1. Pick from region 134-151 the residues that are among the aliphatic types (A, V, I, L, M) and surrounded by 15 or more Cβ atoms within 10 Å (Cβ to Cβ): which of them is nearest to Tyr180 (Cα to Cα)?
2. I need the full set of residues from region 23-39 which are among the hydrophobic types (A, V, I, L, M, F, W, C) and in a loop (DSSP other than H, G, I, E, B), in order please.
3. Please note which helices (runs of 4 or more DSSP H) are completely contained in region 59-173 and include at least 3 residues that are at pLDDT 75 or above and in contact with a Cys (Cβ under 7 Å, 6 or more places away or on another chain).
4. Name the residue, out of Ala323, Ala353, Ala361, Ala366, that is closer than 27 Å to Met241 by Cβ and of a type in the set (Gly, Ala, Ser).
5. Across region 369-426, what is the total count of residues that are farther than 28 Å from Gly351 by Cβ and of a type in the set (Val, Ile, Thr)?
6. Please name all residue pairs, on different chains or six or more residues apart, with Cβ atoms under 8 Å, provided the first residue is in region 252-269 and is of a type in the set (Ser, Thr, Tyr) and the second residue is open to solvent by 30 Å² or more (accessible area, probe 1.4 Å) and in a helix (DSSP H, G or I).
7. Residue by residue through region 268-280, note down the ones that are modelled with pLDDT of 90 or more and either crowded, with 19+ Cβ neighbours inside 10 Å or of a type in the set (Val, Ile, Thr) (or both).
8. Within region 214-239, track down each residue that is surrounded by fewer than 17 Cβ atoms within 10 Å (Cβ to Cβ) and modelled with pLDDT of 85 or more.
Amino acid sequence: MLEAEKNIILHGAPGTGKTFLAKEIAKQLIFGEDVPRVKYDDWSDEQKAKWKEQFGFVQFHQSYDYTDFVEGLRPVKNEGVSEIGFERKNGTFKEFCRKALKNSSGDASDNFDDAWNKLFDKLNTEMLIKIPLVSGKSEIPLEINENGDGLASRTYENDKYERGEWIRGQSKFFTKEQCYNVYCGLKGVPSGGHDNYRKAVVNYMKKECGLRDFVSGGKEEQREDAKPFVFVIDEINRGEMSKIFGELFFSIDPGYRGTKGAVKTQYANLNQRANEFDKTMDVKDTEENKKNGEFGHFFVPENVYIIGTMNDIDRSVESMDFAMRRRFAFKEVTAAERVAMLDDAEHGIPGYAKEAKQRMAALNAAIEKISGLSRAYHIGPAYFLKLKNYAGDFSKLWKNHIKGLLKEYLRGIDKNDEILENGSEKLEERLKADPATASILTDVPKGQWSLLQVYNKGKIDK
């Protein structure tokens, strides 16, 4: 379904392992037949690198917005001064799509990202290195800045390279974007200044980190055999969709993937050079195009797949409007079809799985019989995985996790305390047994039929 539709949403009752399943689907798509069968810590470095490159994950919430997801202005520390400036930065999804596009392009113009990561790995190991200026007459110290997202060349007291001893008015800071601009032959905007230092960084990356010479790209064609890039949006319904996606309502549509679905982003006018998306559309990196505001396009590449997850009973489900819903295929994940996760040797509870399945099935059969509830209110197997924390004590699982959830389910329903734990003479009329619960209810004393009794009698000793 994902390969055909590009966008899917896994939905269902709480605790059915939708997020875990989304990651498993991503593994299948990314690794194919070579999917790792061991836990992540035992993956090879090559497998971890592949996963890091081709897998993305975010969780939506009420405060998440367009600037987090697509692009926006982000505060940056200007060099040697106390004031905070702002720069345009790609959001999580746009940056992910940029990586996917570079992988799918037949004529990748540079390998700056790889070289930048190698430089950071070196600085994380050595803390500080000295690199020659372009003139070759002197060297400058280079280290990672205090935020961990850029570079710094600091002047230290008495040449002692001890953190906290540097002279703030005589130190320079460089962002990745500034260095990339210099690499492309442009000025180190938006902050500008100290480009001789940035050129030194670029030269060092070419000599020591394998950075290739920049090739001014023309139109880049997208390959059909490009690697799949999978982006998971957990709790997709919890965010304010129109606020987060903006103009991407159009671009994420499976029928408008690639250049035919290109849009101009809300911050397009701040782009100082043609980005990868512009070049794929044959918008060349020229001063004339810059002057005419031709930069700043964005589209979702063909090799990007999106998996969303959401709980059917979440009150924020209504915030997902029909315009967004029709751009996704929906797959219900039920509690019954996910019980196998309890048997999993690594993530499951093999020692308690049999009893947990019986209790879960009995409880869900009873929940479905309560007026106003349905299978969307089932208890998923992920809740029973918590038994590992309680050495298999089902009473603690009820008290600390399941009882609170059921109480929320029953809010507003008449005599909810009786339904939950206390039992009532009238409950047998309201909660009629079906084949799934008949054998359990025969052991429940008349007049004490409650969800707790069903939960406790889930274990059948006969």
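1. Leu151
2. Val35, Val38
3. 112-126
4. Details: Ala353 fails: closer than 27 Å to Met241 by Cβ; Ala361 fails: closer than 27 Å to Met241 by Cβ; Ala366 fails: closer than 27 Å to Met241 by Cβ.
Only one candidate passes the filter, namely Ala323.
5. Counting residues in region 369-426 that are farther than 28 Å from Gly351 by Cβ and of a type in the set (Val, Ile, Thr) gives 3.
6. Tyr256/Phe250
7. Result: Phe277, Asp278.
8. Answer for region 214-239, where residues must be surrounded by fewer than 17 Cβ atoms within 10 Å (Cβ to Cβ) and modelled with pLDDT of 85 or more: just Lys227.
The values are calculated or read from the model by the stated rules, or taken from the named source; none is laboratory data. Quick caveat: nothing in here was measured; it's all calculated off a predicted structure. In this analysis, Cβ positions are derived from the backbone assuming ideal geometry, glycine residues included, and neighbour counts consider all displayed protein chains. These area figures cover heavy atoms from the full protein model, side chains too; ligands, DNA and RNA do not enter into them. Shrake-Rupley method; radii C 1.70, N 1.55, O 1.52, S 1.80 Å.
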